[in-house]
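The next block holds one structure in the form of structure tokens; read it before the comments.
The values are calculated or read from the model by the stated rules, or taken from the named source; none is laboratory data. Everything numeric in this text was worked out from a predicted model, so none of it was measured. Cβ coordinates were reconstructed from backbone atoms using ideal geometry, including for glycine residues, and neighbour counts include every protein chain displayed.
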Amino acid sequence: MDSSSSVCGTAANRLCLDFANLPYTSGDPRPHQTSWLELIDFLAEKSVISGARVEELRRLTENDPKAAGTLLSQAERLGNAMRSAFAAMLEAESIKKEKAVPINEILAITEGHDELQPDHAGGWKLGFRARYEGLEWLLAAIARSGAELIAEGARSGLQRCSNPRCQLLFYDRSLTHRRRWCSMALCGNRSKVAAFARRHGGEKARAHHA
């Protein structure tokens, strides 16, 4: 489920990092509150949900606002815990045990068992029956992705964009392992423009005093 598709024009290369990046946009250090529709669109983009389920969940704020609010709060708690854990990893610091709690709470709901189930052709298929079937299942793949990245520890390719104002994280899959920017078209281009302005501004100043 670790998709490499882009969110906000960037490719984080891990599902958990795209999720952790949701409250931020490239080059802006200020987070925004993730809305219900943003969360559902994200889950649809990452193929966690599809088809009629997408529209059903879009309408959940009208049909069951309490359930939607609970899941949104759980998603926010999971995102905050993962961002804190990833920040500790980037600073080569130990991750506090309490940061693992929201991740483990979501992983716990994935308990279940395999069983034979009738298929549409009149035969049988091997399926999975979850012990718990609440909305928290929508966050299970994200929690699993985050747990796997944390378990990789110092061996992981976790990076933060080199733009000091940017909070976006990514997993460096480049052959040289020297990726610097959340996106070359965004922060990478901003850096080039700023360097060009500094260079030519200095040349003009020297010419003026010559």
Answer with yes or no whether residue 42 is surrounded by 15 or more Cβ atoms within 10 Å (Cβ to Cβ), touching an Asp or Glu at 6+ places or on another chain (Cβ under 8 Å), at pLDDT 90 or above and not polar (S, T, N, Q). yes
Please tell me if residue 107 is crowded, with 18+ Cβ neighbours inside 10 Å, touching a residue at least 24 places away in the same chain (Cβ under 8 Å) and either among the aliphatic types (A, V, I, L, M) or in a strand (DSSP E or B) (or both). no
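Do we find that residue 13 is touching a Lys or Arg at 6+ places or on another chain (Cβ under 8 Å) and touching a residue at least 60 places away in the same chain (Cβ under 8 Å) in this structure?
Judged against the criteria, residue 13 is a match.
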Filter pass, residue 150 being under 22 Å from residue 24 (Cβ atoms), part of a helix (DSSP H, G or I) and not small (Gly, Ala, Ser): yes
Among the helices (runs of 4 or more DSSP H) confined wholly to region 15-82, which include 3 or more residues that are hydrophobic (A, V, I, L, M, F, W, C)? 15-20, 36-45, 52-58
Matching entry among 99, 46 (being closer than 13 Å to residue 138 by Cα and in contact with a Ser or Thr (Cβ under 6 Å, 6 or more places away or on another chain)): 46
Residue 87 being in contact with a helix residue (DSSP H, G or I) (Cβ under 8 Å, 6 or more places away or on another chain) and either free of Cβ contacts under 8 Å to residues at least 60 places away in the same chain or of a type in the set (A, V, I, L, M, F, W, C) (or both): no
Among the listed residues 92, 85, identify the single one that is under 19 Å from residue 151 (Cβ atoms) and crowded, with 19+ Cβ neighbours inside 10 Å. 85
Can you pull out every residue in region 8-45 that is out of contact with any Leu (no Cβ under 7 Å at 6 or more places or on another chain), within 17 Å of residue 77 (Cα to Cα) and small (Gly, Ala, Ser)? 35
Pick from region 60-98 the residues that are modelled with pLDDT of 95 or more and among the polar types (S, T, N, Q): which of them is nearest to the chain's Cα centre (by Cα)? 80
For residue 92, state whether it is out of contact with any helix residue (DSSP H, G or I) (no Cβ under 6 Å at 6 or more places or on another chain), part of a loop (DSSP other than H, G, I, E, B) and of a type outside the set (Ser, Thr, Tyr). yes
Could you tell me how many of the residues in region 60-84 are within 22 Å of residue 171 (Cα to Cα) and either of a type in the set (Gly, Ala, Ser) or without any contact (Cβ under 8 Å) to a residue 12 or more places away in the chain (or both)? 4
Just to check your reading of the model, which residue among 159, 167 is surrounded by 18 or more Cβ atoms within 10 Å (Cβ to Cβ), in contact with a strand residue (DSSP E or B) (Cβ under 9 Å, 6 or more places away or on another chain), of a type outside the set (A, V, I, L, M) and in a strand (DSSP E or B)? 159
